[in-house]
Every structure is written in structure tokens, then in C-alpha cells.
1. Any chance you could give the angle, 0 to 90 degrees and rounded to 10, that helix 157-168 forms with the longest Cα principal axis of the chain?
2. Treat the stretch 152-222 as a sphere of radius equal to its Kirkwood radius over Cα pairs and apply Stokes-Einstein at 25 °C in a medium of 0.890 mPa s; give the translational diffusion coefficient in µm²/s, rounded to a whole number.
3. How big, on average over all directions, is the shadow cast by the Cα convex hull of the stretch 102-283, in nm²?
4. Who wins for biggest fluctuation among Gly30, Gly95, Gly129 in a Gaussian network model of the chain, springs between alpha carbons below 10 Å?
5. Which order, highest average first, do 145-151, 264-270 follow once you tally other Cβ atoms within 10 Å for each residue and take the mean per peptide?
6. As an exercise, use a Förster radius of 25 Å and the Cβ-Cβ distance of Val84 and Glu249 to find the FRET efficiency, rounded to the nearest 0.05.
7. As a test question: what accessible area, to the nearest 10 Å², does Ile127 have when a 1.4 Å probe is rolled over all protein chains in place?
8. Specify the angular offset, from 0 to 90 degrees and rounded to the nearest 10, of the alpha carbon long axis of helix 292-310 from the longest principal axis of the alpha carbons in the chain.
Amino acid sequence: MRPKVFVSRIIPDAGLDRVRAACEADIWLGEMPPPYDTLCERVRGVDGLLCTLNDRIDAGLMEAAGSQLKVISQMAVGYDNIDVAAAKTRGIQIGNTPGVLTDATADLAFALLLAAARRLMEGIEYIKGGQWKTWQPKALLGGDLTGATLGIIGLGRIGKAVARRAAGFEMRILAHSPSCSPQEAAKVGATLVDMEMLLRESDYVSLHVPLNSQTRGLINRETLTLMKPTAVLVNTTRGPVVDQQALYEALTQGIIGGAALDVTDPEPLPADHPLLELPNVIIVPHIGSATHRTRDKMATMAADNLIAGVMGQPLPNPVWT
Ligand code: GLV
């Protein structure tokens, strides 16, 4: 009998076709993710679950699934929505999709950085609002990238890819990343410094740490106060790494100059959220990995993790080994 799996969203065919070929697949067809209770019902009796960062995967859900559940395959690199300890206790393997989304996410971080530096959103609004009457010597002036300092918090795969892009723009690159050696940082043109120096000296700060108990609220009132009043914060990791209320206050009180966010807390951000009113804020809807090629690769990788797991084999990309 083919293994039974539940797939919590319609993922690209590159992955879905593999899942369908190898498993008896129940696929959630809704545009919105399944509510938690529905998810608990649909996973009952399955051998594997392919999920996304929208799904809360906790001990209750694992209990509801039953002791035959062998694998949880997340179609994302981050897996803060999954209770890893609960899975380990039950001998459930977890897979994710690292590596394939590095460049797409670094590109988006850089797109946000450039858009904020050069005030692209304000420029677009300026035209749409009928303000473009002539070329203006002093309108919409932004910041240069060349020679400016970029502070990268978290010099892992994505942080390094951002550093490589910054080197092309001739930026000075500082990084804070306790698990990275100075030699490794130097390979991407970055100098390791402590968090305080990074925040004090950077014109742009880009976040690339996973969300966990140490990084939740890492950017808060205190850390924001260390930043330059002109500095721009870029966040492409997870919303709760930033204390959003403190960010709002910092932006409205001139403590920092701007923010460019791909991730918020909560997600989705309500359309009437006060952050969206601010001219010095750019927000896009968690699209870091959203390119055709990257999403195909993520779907394929998630399918391969799922299939290996239900077959009782080691996962190609396990969260732990
Ligand atoms: C997206 O945010 C991911 O973690 O892959």
C-alpha cells in the first residue's frame, strides 16, 4: 500500500507531481491555509505531512496525527512554526528547504534596501499624486550605497549572499554572527563586530537570523536607539525578530530613518496597520523566495524530504541529523 500523506497547500507541480507519484496524497485545495482544527483532522492516520510556514505544527497536531506519522516536511527554510522538541520525542523526522532560496531571498533584501535608500515607493506615489511638475534639484533625495556601511545580523547562507551583493556596490560590510569565524566573514568582504558597534555604525541593517527564543525581539527599543537616526532596517527573516511597536515608535520619533520589511508580526499585516501609513516604510508580503525557479526547487526538495521520510529513509535535507 502506498504511504498516506497530507499536503497542506497547492505547491508547484514540480513537487506535487512527485508526491502524487509516490504517495496516496490528500491535498488541501483552499487558497487560505487549513485552520488548525481542520489540519488536525486531515492529518489523522497519515505517514507524512508536507506543510508551509502558515501551519502551526505542535504536539497536539502530532498526537492527532497518530504514532504512524514519520515525517514533517516543511516547504521553507525557516521552521519556527514547528515544535521540533515534540517531533524529536516522537521520533518524527523534520525536513526543510535550505540553500535553494538563498539567492532569491538575498535579492529581495537588496531590492528592499535599494528601494528604501532611493525612496522608490515615495517616487511612485509622487507621480500618481500628480506632484511631478518638473525635475527638482532637491526633491526625493535618498542615500548612497557606495561607501555606506551595511550591517548584517546573521552571516549564514543568506547573510553571506547579501554581503556578496553589497561588495558589488562597494559598501563597507560589518556583520554580527557568533557562529561565524573572522576568516569566513572575510571571504564575503565582511568584518565581524559586536552587535552594538554594528548598530551604531551601520547606515543599513539587514536581518538574517532564524526566529528562536534568542532572536525574538532582538530589534527592540533599546537596540533601535543605538542605530543612526538616518539608518534603514531591512527585515527578510521573520517578523517577530523585530518588536514592531518599538519599530513604529522609532520610525515616528526619528530614532531611525526607515524600514523595509518582507516579514511582519502578525502576517498578514492588516491593511489598516499604522506602519503602512508611514512614508519611510516599505512592506511587501513575505515574498523573499517567490521566484518561479526557487519555488519549484523548494517544492521538489520538500517532496523529496516527504517521500524519503515516509519510506523510512534518511531525509535529503533534515533539520537535524
Ligand atoms: C521563508 O520565509 C522561508 O523560511 O523559507
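The values are calculated or read from the model by the stated rules, or taken from the named source; none is laboratory data. Every value quoted in this text rests on a predicted model; they were computed, and no experiment measured them. As a convention, Cβ positions derive from the backbone with ideal geometry for all residues, glycine included, and neighbour counts pool all protein chains shown. Please note that ligands, DNA and RNA were not included when accessible areas were found on the heavy atoms of the full protein model with its side chains. Shrake-Rupley method; radii C 1.70, N 1.55, O 1.52, S 1.80 Å.
1. 30
2. It diffuses with D of about 200 µm²/s by this estimate.
3. 10.6
4. Gly129
5. In decreasing order of mean packing, 145-151, 264-270 become 145-151, 264-270.
6. That gives a FRET efficiency of 0.15.
7. Per-residue accessible area (Ile127): approximately 90 Å².
8. Approximately 30 degrees, to the nearest 10.
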